[in-house]
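First comes the structure, then the notes that go with it.
The values are calculated or read from the model by the stated rules, or taken from the named source; none is laboratory data. Bear in mind that the values here come from a model prediction, so they are computed numbers and not experimental data. Virtual Cβ from ideal backbone geometry, glycine too; neighbours counted across all protein chains shown. Note: areas computed on protein heavy atoms with side chains; ligands, DNA, RNA excluded. Shrake-Rupley method; radii C 1.70, N 1.55, O 1.52, S 1.80 Å.
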Number of protein chains: 2
Amino acid sequence: MTQLPSFLDEPDDTRGAIMKATYDALCEHGYSDLTIQRIGNEFPKSKSLLYHHYDSKDDLLLDFLEFMLAELEGQMPAYRDGSADEHIADIVDRTFAFGSTEKNPHFTQALLELRTQAAHDEAYREYFTRSDRFVRKHVAHTIQSGIEQGVFQEVDPQETAALFQIVFVGTMTQRVTSDDDDVLRAGRAMFDQCLRARLLRPE
Amino acid sequence: MTQLPSFLDEPDDTRGAIMKATYDALCEHGYSDLTIQRIGNEFPKSKSLLYHHYDSKDDLLLDFLEFMLAELEGQMPAYRDGSADEHIADIVDRTFAFGSTEKNPHFTQALLELRTQAAHDEAYREYFTRSDRFVRKHVAHTIQSGIEQGVFQEVDPQETAALFQIVFVGTMTQRVTSDDDDVLRAGRAMFDQCLRARLLRPE
DNA sequence: GGGAGTTAATTGAATATTCAGTCAGTAGAT
DNA sequence: ATCTACTGACTGAATATTCAATTAACTCCC
């Protein structure tokens with residue numbers, strides 16, 4: 001089968017095991033066909049045990065969302081030194097690689113499924129709004145550094161980070177919901193050119 | 001309540017009424033909680049009638065997807081004359097306005113919900129892959145015109161259209177799944193600048 | 001150390017509800 | 001009389017949730 005994301009490998013505690021089971025079931029069946037039964041099937045212990053740890057299916061899924069977002073935020077690189085343009089290049093790399101690398105591509109899929117629930121679920125929306133803001137702040141900060149370092153032109157860091165965000169969720173949605181994998185390659189090529197034209201300071 | 005998209009206003013035929021009912025139920029409950037019962041509730045006639053017109057829930061939903069994609073493609077402007085840069089400006093306008101205008105913003109929401117199903121459903125994925133390709137071809141063609149007209153720099157039309165596609169699905173996903181409506185405004189500002197820097201021919 | 005008492009983990013079976021899909025039959029048009 | 005649109009009642013399967021009962025672990029007193 002596919003390689004599991006490391007954060008779900010060999011969970012020792014019960015919560016970890018439940019998260020892994022939920023993850024597996026979600027990847028296999030999708031959110032709309034996700035049942036307690038199916039989570040239970042991926043779970044070494046019994047299905048009833050899930051109710052010992054969570055009040056309801058909803059409760060469990062909300063905890064799972066928190067778990068996934070924490071993981072996503074944890075994946076963010078901490079740049080301590082080096083030039084900002086390399087950091088941005090790295091961010092672009094990660095953006096377009098997201099979901100296509102050695103790690104289980106199902107992670108992206110699961111994340112999009114959860115995200116789409118935000119359309120109808122207040123709680124989900126709040127989670128994602130918060131998480132997005134966190135990521136954007138990080139990107140904006142990197143851009144700000146680049147401007148101060150003199151490698152970037154004087155763009156608005158907030159606005160630039162916002163575009164990064166849009167492109168990020170765009171690639172994520174596109175990758176998961178389309179067979180046409182050339183779109184990402186081509187889109188990235190143009191995005192790179194755009195950034196070079198507007199963001200990078202010509203030397 | 002919210003304004004209905006015109007294409008669903010006062011359907012006279014049965015199919016139209018079923019599409020509207022499905023649309024309403026989808027918007028209200030989301031794909032994962034979409035049941036035949038709930039479609040039936042939004043439907044003036046009885047729930048059993050749905051089975052008179054469709055073999056199964058799946059069958060109905062697939063027809064609904066076709067219906068929505070036809071509507072989406074139908075919304076695309078046909079540019080007969082005028083300069084390509086105005087057309088592109090219009091496309092950008094529509095991209096970022098998508099889901100925020102007088103028409104029911106739920107249209108976007110419904111579309112994203114359907115789109116997300118493509119993660120697990122082959123048939124859905126094929127539909128969207130085809131629809132995306134259709135839209136991209138249109139955008140690429142407009143860009144090609146612009147290059148020939150001499151208003152655009154010599155970019156690769158395919159790649160540029162691909163970036164448009166990513167930004168389009170990105171705004172769509174972002175709008176529906178986040179409370180932070182400033183992201184779209186800010187992202188657009190930067191996207192405009194990028195296009196000006198890379199696409200538009202300086203005069 | 002060892003039993004008595006308390007709590008947490010765990011299970012399989014049961015319950016109540018929801019869901020997709022069926023069917024026998026009505027009403028109206030041709 | 002036949003066909004088509006249409007209906008309400010019905011069903012079996014699936015689903016979330018509960019529960020009574022069992023086991024494992026931990027604690028407090030002797």
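Does segment A:148-157 hold any residues that are surrounded by 19 or more Cβ atoms within 10 Å (Cβ to Cβ) and free of Cβ contacts under 8 Å to residues at least 24 places away in the same chain, and which are they?
A:157
Within segment B:26-112, considering only helices (runs of 4 or more DSSP H) that don't extend past its boundaries, which have at least 2 residues that are more than 16 Å from DNA strand D (Cβ to nearest atom), outside the structural domain of residue B:140 (by TED's automatic domain parsing) and out of contact with any strand residue (DSSP E or B) (no Cβ under 9 Å at 6 or more places or on another chain)?
Those helices (runs of 4 or more DSSP H) span B:57-74.
Results for (1) in contact (Cβ under 8 Å) with a residue 12 or more places away in the chain; (2) crowded, with 22+ Cβ neighbours inside 10 Å, shown as yes or no for each residue.
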{"residue": "B:132", "(1), (2)": "yes, yes"}
{"residue": "B:140", "(1), (2)": "yes, no"}
{"residue": "B:164", "(1), (2)": "yes, yes"}
{"residue": "B:167", "(1), (2)": "yes, yes"}
{"residue": "B:178", "(1), (2)": "no, yes"}
{"residue": "B:183", "(1), (2)": "no, yes"}
{"residue": "B:198", "(1), (2)": "yes, no"}
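Among the residues of segment A:59-79, count how many are open to solvent by 50 Å² or more (accessible area, probe 1.4 Å) and under 23 Å from residue A:195 (Cα atoms).
Summing the residues that are open to solvent by 50 Å² or more (accessible area, probe 1.4 Å) and under 23 Å from residue A:195 (Cα atoms) in segment A:59-79 gives 2.
Just to be sure before I move on: is residue B:45 more than 8 Å from DNA strand C (Cβ to nearest atom), more than 14 Å from chain A (Cβ to nearest Cβ) and open to solvent by less than 80 Å² (accessible area, probe 1.4 Å) in the structure I sent?
When the stated conditions are applied, residue B:45 does not pass them.
If you take the residues of segment B:24-38 that are near DNA strand C (Cβ under 8 Å from one of its atoms) and either surrounded by 13 or more Cβ atoms within 10 Å (Cβ to Cβ) or within 14 Å of another protein chain (Cβ to nearest Cβ) (or both), which of them is nearest to residue B:126 (Cα to Cα)?
B:34
Only one of these is assigned to a helix (DSSP H, G or I), under 30 Å from residue A:21 (Cβ atoms) and not assigned by TED's automatic domain parsing to the domain that holds residue A:28: A:190, A:172. Name it. Full working, then the answer.
Details: A:190 fails: under 30 Å from residue A:21 (Cβ atoms).
Exactly one residue qualifies, and that residue is A:172.
All but one of (1) exposed (fewer than 15 other Cβ atoms within 10 Å of the Cβ); (2) within 19 Å of the chain's Cα centre (by Cα) hold for residue B:13; which doesn't?
Tallying (1) exposed (fewer than 15 other Cβ atoms within 10 Å of the Cβ); (2) within 19 Å of the chain's Cα centre (by Cα), residue B:13 fails exactly one: (2).
Take the residues of segment B:114-166 that are in contact with a strand residue (DSSP E or B) (Cβ under 9 Å, 6 or more places away or on another chain) and small (Gly, Ala, Ser): which is farthest from the other protein chains (Cβ to nearest Cβ)?
B:145
Kindly indicate which of A:100, A:56, A:83 is within 16 Å of DNA strand C (Cβ to nearest atom), more than 10 Å from the chain's Cα centre (by Cα) and open to solvent by 30 Å² or more (accessible area, probe 1.4 Å).
Among A:100, A:56, A:83, only A:56 is within 16 Å of DNA strand C (Cβ to nearest atom), more than 10 Å from the chain's Cα centre (by Cα) and open to solvent by 30 Å² or more (accessible area, probe 1.4 Å).
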